[in-house]
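Working notes, structure below.
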Amino acid sequence: MRTELVIDALTAAERTRGTLTGAIMHTDHGSQYTSRAFAEICRSAGVRQSMGA
């Protein structure tokens, strides 16, 4: 899966809901979720990242 795909999905969710501030995004340790670009988009959307052990 590409990082752009998960960023697009997060952006679409924000557009649909209006805001994601305070949401928690729990993911696996895939490279798309650990990328700097995804971390930045989460931070700008107010989303807290969470990953399993």
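In table form, for the structure just shown:
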{"item": "Selection count, the stretch 37-53, where residues are closer than 10 Å to G22 by Cα and part of a helix (DSSP H, G or I)", "result": "1"}
{"item": "Residue satisfying all of: in the stretch 27-43; surrounded by 12 or more Cβ atoms within 10 Å (Cβ to Cβ) and hydroxyl-bearing (S, T, Y); nearest to D8 (Cα to Cα) among these", "result": "Y33"}
{"item": "Members of the stretch 14-26 found to be closer than 16 Å to S50 by Cβ and either surrounded by 15 or more Cβ atoms within 10 Å (Cβ to Cβ) or charged (D, E, K, R) (or both), listed by number", "result": "L20, A23, M25"}
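Every number in this text was worked out from the coordinates using simple rules, so none of it is lab data. Note that the coordinates shown come from a computational prediction; the quantities given were computed from them, not determined experimentally. Reconstructed Cβ throughout: ideal geometry from the backbone, glycine too, with neighbour counts over all protein chains shown.
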